[in-house]
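Student: Here you go, one structure.
The values are calculated or read from the model by the stated rules, or taken from the named source; none is laboratory data. Bear in mind the structure is a predicted one, so any value in this text is a computation, not a measurement. Every residue, glycine as well, gets a Cβ built from its backbone with ideal geometry; the counts of neighbours run over all protein chains shown.
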Amino acid sequence: MKFRSMLLFLFLICMNKSIAFDTTIVTQLLHRIDQLQVKENGVFPKGLFPSYRTYALNQDRQKADINPFFTGLIVFTLDRIKDQLTPYQQKLVEQISSNAKPVFTKFKNRKGRDTYNFWPTDTAQIFPNSGWMNLFNKSQSLPDDMDDTVITLMALNANEKTANYIHLLMQEYINGGKGKINNTLPSLSHLPAYSVWFGEKMPVDFDISVLSNLLYFVQEYKLPFTKADSSSVQVIVNILEENKHLTAPTFISPHYGSTAIILYHLSRLMALKPIPELEKFKPILIKQAQELEQKRQPFLNQVLLSSSLIRWGVKPDFIEVQNTLNLTQLIEDEQFSFFIANMASMLPNQLKKSFTASKLGTFKYYCPAYNNVLLLENIILHQKLVN
């Protein structure tokens, strides 16, 4: 793929010019995504998309991290734009999806329950490839979590029976159920919304981005709204009313930690099916995204903001690119982290704030294939906007 032609295409789609759909660029991105998928078992299992983590206080050392999160997101995202692709491109998506689906069993609940873990469950691990830390694999292994569970189930196109079962199970892991949250905003502490974790012993943990994904799952499967669903919506409402997604993104979204990423999650949820309590915020969210666009942003943050605005029905600004970078460097930027492992998310309020600010126990995650998917998705969204 020629870099100049790609930049020209990005310029044209960002200016919403009327141009023919460039199937070559989309096909090249899909080929790159396919190329990055593991073909044989090795450091990463076959079918997985490699991702890497770096400790926020020592970013010179990068570790291979074996998780289903990014693979689930890639399959989920590609499946939802597949109808906008050519027959040949659809076959590529189907191939990628087919190659990925078997690997999810490696992360499924050990007892066969349809919940999923962030790390392998066939051989319990924490922070794979961490050396001495892996001595604690069994004693400190994490419970299954709701985010990975719903993302994986949607990537697998789970049936309605499974979705209903998981939704029923989710009702047991709410604030005030098996525990009370002790590290959130005062306006949220009484709300019986979903925790991040399915674990019996894990502290209750709120994350606005995770809640957006859980509500997307509920809406996608047309599940009846429960008290926990309504309370999760109210958590989002209270956060938006207090503008904490702007002033304290790492506190109210400790597992994603960025305003641009929070807006991306909210726009995806709101575009699926309107939620009346959230619709009233659309004008201000659009304005906030546009204001962020005006500030100097890394390329992929611009892509996220652009996709968010399109989902809200608004023409985004031109995405600026650095001419000094080649195409791979531009897209597969190792500094861009869509997800973070934040050990401080489980600490009480004051410690959570201090540790998060200091970045102690914070790990940034990088997945080159998912970066390509975010750009591909943005191109398809642009095409829908201009056509």
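Residues checked against (1) under 15 Å from the mean Cα position of the chain (by Cα); (2) closer than 20 Å to Tyr116 by Cα; (3) at pLDDT below 95:
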residue	(1), (2), (3)
Leu215	yes, yes, no
Ser231	no, no, no
Thr259	yes, no, no
Leu269	yes, no, no
Leu272	no, no, no
Lys280	no, no, no
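Student: Given the structure, is Pro143 at pLDDT below 95 and either of a type in the set (Val, Ile, Thr) or farther than 22 Å from Leu269 by Cα (or both)?
Tutor: Yes, satisfied.
Student: So, one more: Any idea which residue in segment 302-328 is surrounded by the fewest Cβ atoms within 10 Å (Cβ to Cβ), counting only those that are out of contact with any Asp or Glu (no Cβ under 9 Å at 6 or more places or on another chain) and either at pLDDT 85 or above or among the basic types (Lys, Arg) (or both)?
Tutor: In this case the residue turns out to be Gly313.
Student: Limited to segment 269-301, what total is found for residues that are of a type outside the set (D, E, K, R) and either loosely packed, with under 12 Cβ neighbours inside 10 Å or closer than 30 Å to Phe225 by Cα (or both)?
Tutor: Here the count works out to 16.
Student: Moving on. Looking at segment 75-114, which of the residues that are assigned to a helix (DSSP H, G or I) and among the small types (Gly, Ala, Ser) is surrounded by the fewest Cβ atoms within 10 Å (Cβ to Cβ)?
Tutor: So, considering only residues that are assigned to a helix (DSSP H, G or I) and among the small types (Gly, Ala, Ser), the one surrounded by the fewest Cβ atoms within 10 Å (Cβ to Cβ) is Ser98.
Student: Specify the residue that is nearest to Glu200 (Cα to Cα); the eligible residues are those in segment 168-183 that are at pLDDT 95 or above, surrounded by 20 or more Cβ atoms within 10 Å (Cβ to Cβ) and not hydrophobic (A, V, I, L, M, F, W, C).
Tutor: My answer is Tyr173.
Student: Just to verify a result, which residue in segment 233-257, among those that are of a type in the set (S, T, N, Q) and within 15 Å of the chain's Cα centre (by Cα), is surrounded by the fewest Cβ atoms within 10 Å (Cβ to Cβ)?
Tutor: This residue is Thr250.
Student: Among the candidates Thr71, Thr23, Thr54, single out the residue that is at pLDDT 65 or above, among the β-branched types (Val, Ile, Thr) and farther than 30 Å from Gly361 by Cβ.
Tutor: Criteria check complete, one pass: Thr23.
Student: If you don't mind, there's one more thing I want to ask. Is there any pair linking a residue in segment 265-288 that is within 14 Å of Val218 (Cα to Cα) to one that is at pLDDT below 95 and surrounded by fewer than 18 Cβ atoms within 10 Å (Cβ to Cβ), with Cβ under 9 Å and at least six apart or on different chains, and which?
Tutor: none
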